[in-house]
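Enquirer: The structure is given below, and queries will be raised subsequently.
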Amino acid sequence: MTQIPVELDMDVRRPVRDDISLDENDKGVPIVEVAIQEKEEQQTEVEKDKYWDAIEVREIAQKFLAEDGTFSFPTNTPILYLFVDKMKNWGLCSRCSGRVKAASAYEFIITINHEVWSAMDERSREALVFHELLHVGFNMETGKYCIVPHDVEEFGRVVLRYGLWRDDVKLFVNAGMKAITLQEEKEDE
Ligand SMILES: [Zn+2]
């Protein structure tokens with residue numbers, strides 16, 4: 001088996017082995033071989049991104065974690081906060097793999113897009129950190145961690161046309177209305 005070059009040119013999809021090409025997939029090249037290759041390519045890609053300790057993010061998170069009853073997971077849950085120089089999302093909360101846990105004891109990694117972060121005001125930064133922390137889930141009965149999905153996945157246009165047609169949409173819009181009322185009350189004070 002040929003070694004994957006360290007500096008893999010992502011535009012050239014090189015096969016793991018010299019004697020097979022990706023075009024041969026349909027002719028019975030073992031799937032697992034292709035999967036390994038793709039994984040190694042992804043890893044090469046990941047290593048191109050820069051990650052560093054997100055101290056500001058951790059400080060905001062610790063402020064939230066010090067509040068009583070805000071989260072349903074243990075407040076001493078080991079979470080690593082990282083900045084990344086470029087990413088599609090604003091933030092990402094991911095569950096650590098067994099391999100990462102064995103090496104670091106972290107249960108979750110919260111990664112924040114530093115480019116986006118730099119352009120945000122303090123309030124938006126807090127909202128983003130709060131959002132990512134809400135993805136941290138813990139099952140009291142089993143003692144196992146998980147990723148909590150978003151409350152609602154819906155198109156604005158459906159709500160515009162059909163209103164609050166589902167409970168999750170209703171809850172979400174009600175939260176928005178309440179926030180607007182609270183904001184207005186605060187401004188009147
Ligand atoms: Zn999210």
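The values are calculated or read from the model by the stated rules, or taken from the named source; none is laboratory data. Every value quoted in this text rests on a predicted model; they were computed, and no experiment measured them. Note that we place each Cβ from the backbone using ideal geometry, even for glycine, and neighbour counts take in every protein chain shown.
Enquirer: Which residue is farthest from the chain's Cα centre (by Cα), if the candidates are limited to the range 136-189 and must be surrounded by 11 or more Cβ atoms within 10 Å (Cβ to Cβ) and polar (S, T, N, Q)?
Expert: My answer is ASN174.
Enquirer: State all residues of the range 127-155 that are of a type outside the set (Phe, Trp, Tyr) and more than 15 Å from the ligand (Cβ to nearest atom); if no residue qualifies, say none. Don't jump to the end; show me each part of the working.
Expert: First, pick out the residues of the range 127-155 that are of a type outside the set (Phe, Trp, Tyr): 127-129, 131-137, 139-144, 146-154.
Listed by number, the residues that qualify are ASN139, MET140, GLU141, THR142, GLY143, LYS144.
Enquirer: Report whether or not VAL136 is in contact with a strand residue (DSSP E or B) (Cβ under 7 Å, 6 or more places away or on another chain), assigned by TED's automatic domain parsing to the domain that holds VAL57 and among the aliphatic types (A, V, I, L, M). Before you say what the answer is, go through the steps one by one.
Expert: Working: in contact with a strand residue (DSSP E or B) (Cβ under 7 Å, 6 or more places away or on another chain): yes; assigned by TED's automatic domain parsing to the domain that holds VAL57: yes; among the aliphatic types (A, V, I, L, M): yes.
The answer is yes for VAL136.
Enquirer: Considering (1) within 16 Å of the ligand (Cβ to nearest atom); (2) modelled with pLDDT of 95 or more, say which one GLU115 fails and leave the rest.
Expert: Of the numbered conditions (1) within 16 Å of the ligand (Cβ to nearest atom); (2) modelled with pLDDT of 95 or more, the odd one out for GLU115 is (1).
Enquirer: Please go through the range 77-126 and give me each residue that is surrounded by 14 or more Cβ atoms within 10 Å (Cβ to Cβ) and more than 25 Å from LYS144 (Cβ to Cβ), ordered by number.
Expert: Matches in the range 77-126: PHE83, VAL84, MET87, TRP90, ILE112, ASN113, HIS114, VAL116, TRP117, MET120, ARG125, GLU126.
Enquirer: Limited to the range 72-88, what total is found for residues that are modelled with pLDDT of 95 or more, within 16 Å of the ligand (Cβ to nearest atom) and in a loop (DSSP other than H, G, I, E, B)?
Expert: The qualifying residues number 1.
Enquirer: Return yes or no: is GLU56 of a type in the set (Asp, Glu) and either crowded, with 16+ Cβ neighbours inside 10 Å or more than 29 Å from GLU141 (Cα to Cα) (or both)?
Expert: yes
Enquirer: I'd like the full set of residues that are over 17 Å from the mean Cα position of the chain (by Cα) and either assigned to a helix (DSSP H, G or I) or surrounded by 15 or more Cβ atoms within 10 Å (Cβ to Cβ) (or both), limited to the range 61-71. Explain how you work it out, then say what you get.
Expert: Residues of the range 61-71 over 17 Å from the mean Cα position of the chain (by Cα): 62-71.
Within the range 61-71, GLN62, LYS63, PHE64, LEU65, PHE71 meet the criteria.
Enquirer: If I go through the range 103-112 residue by residue, how many of them are away from the ligand (no atom under 16 Å from the Cβ) and not aromatic (Phe, Trp, Tyr)? I'd like the intermediate steps shown before the answer.
Expert: From the range 103-112, those away from the ligand (no atom under 16 Å from the Cβ) are 103-107; that's our starting set.
Imposing the further condition that a residue be not aromatic (Phe, Trp, Tyr) reduces the set to 103-105, 107.
Matching residues across the range 103-112 total 4.
Enquirer: Any residue in the range 117-137 that is among the charged types (D, E, K, R) sitting within a Cβ distance under 7 Å of a residue that is within 11 Å of the ligand (Cβ to nearest atom)? List the pairs, counting only those 6 or more apart or interchain.
Expert: Sorted first by the residue in the range 117-137, then by its partner, the pairs are GLU132/GLY91; GLU132/CYS93; GLU132/ILE110.
Enquirer: Still on this structure, I have one more. Would it be correct to say that VAL100 is more than 12 Å from the ligand (Cβ to nearest atom), modelled with pLDDT under 95 and of a type in the set (Val, Ile, Thr)?
Expert: On the way: more than 12 Å from the ligand (Cβ to nearest atom): yes; modelled with pLDDT under 95: yes; of a type in the set (Val, Ile, Thr): yes.
Yes: the conditions hold for VAL100.
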